[in-house]
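Here the structure comes first, spelled out in structure tokens, and everything after it is commentary.
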Amino acid sequence: MFFDKSNIINCKNSNPKDVVSISVPLYESIDGHYFVGQTCPLMVKDGTYAWAGLVNPRKSYSELYVNVFTISNFSDNYLTAEIWLNVDFPNKACVSHKVSPTNTAINPLPENNVEIKYIDSTNKLPEEGINVYERIVPPYATLVSEEDGKFIVPPCGNYTLIIKSSSSNLDKVIVAFGWWEK
């Protein structure tokens, strides 16, 4: 077998370059675009539902990239979480103030445009939007679902979880989200 030395590059005078690979969420956090937050405790039972969503307001002028959600179930019962896109979020929803940028070294702190909205114990289900998948949340457990930014929501859209229970007792749940905005 013949080896052709004419394709070899002489690297005697060049220095190797350092390359660093970081995750997209870390990159977005460094830039001040990554946020985390949670709802207040929500209560559900058979026939009532809790809503929790990342809602991108009409005048946000940014796209929402859903990275992760968690559902902490503080009850003895299995819960079902339906994941919906672009539901008709009711006007009576509360806005969570438990939201922060993950990079708290920036001064002044970045402000989020996207809101965490929630509704505790309602009998209303979405009439608009699409249910894209479901998850089961075991008793006394936290379900973590990493979406890695693959759900991209424009202004006027949302990424919403509808929490259901088949129990006649009230079940307590808290929903948290991680996302970035561009």
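Every number here is computed from the coordinates shown, using simple stated rules; none is lab data. Just so it is clear, the model here is predicted, and its values are computed rather than measured. Glycine gets a Cβ as well: all are built from the backbone with ideal geometry, and neighbour counts include every protein chain shown.
Within 10 Å, count the other beta carbons around each residue, average over each peptide in 18-31, 111-124, 83-96, and list them highest first.
So the order, starting with the most tightly packed, is 111-124, 83-96, 18-31.
Going down the table (Lys98/Lys172; Lys92/Lys172; Lys117/Lys182; Lys17/Lys182; Lys59/Lys98; Lys45/Lys182), which pairs top 26 Å between alpha carbons?
Lys17/Lys182; Lys45/Lys182
If you take the Cα Rg of region 37-181 and divide it by 2.2 N^0.38 Å, with N the number of residues, what do you get?
Cα-based Rg divided by the globular estimate yields 1.01.
What distance in nm lies between label points placed 7 Å from Cα along the C-beta direction at Val68 and Asn123?
Each label point lies 7 Å from its Cα, and together they span 3.8 nm.
Which FRET efficiency value, to the nearest 0.05, do you get for Lys98 and Lys17 by plugging their Cβ-Cβ distance into 1/(1 + (r/R0)^6) with R0 = 35 Å?
0.25
Only sites in a loop by DSSP and with at most 15 other Cβ atoms within 10 Å count here; which GluC sites (Glu not before Pro) in region 131-182 make the cut? List each step's numbers first, then the result.
Numbers: sites: Glu134, Glu146, Glu147, Glu181; in loops: none.
Here no GluC sites (Glu not before Pro) fit, given the DSSP loop and packing criteria.
With runs of 4+ DSSP H residues as the only contributors, calculate the mean residue ellipticity of the chain at 222 nm using -39,500 (n - 2.57) per run, divided by the residue total and rounded to the nearest 500.
Mean residue ellipticity at 222 nm (helix-derived): -1000 deg cm²/dmol.
Please turn the phi angles of region 81-92 into ³J(HN,Hα) values with the Karplus equation 6.51 cos²θ - 1.76 cosθ + 1.60 (θ = phi - 60°), one per residue in order, whole Hz, x for glycine and proline.
10, 9, 9, 10, 10, 6, 6, 8, 5, x, 5, 7
What does the extension gain come out to for Tyr140 and Glu111, with contour length at 0.36 nm per residue minus their alpha carbon separation?
Details: separation 29, 0.36 × 29 = 10.44 nm, distance 3.29 nm.
Length difference between fully extended and current span is 7.1 nm.
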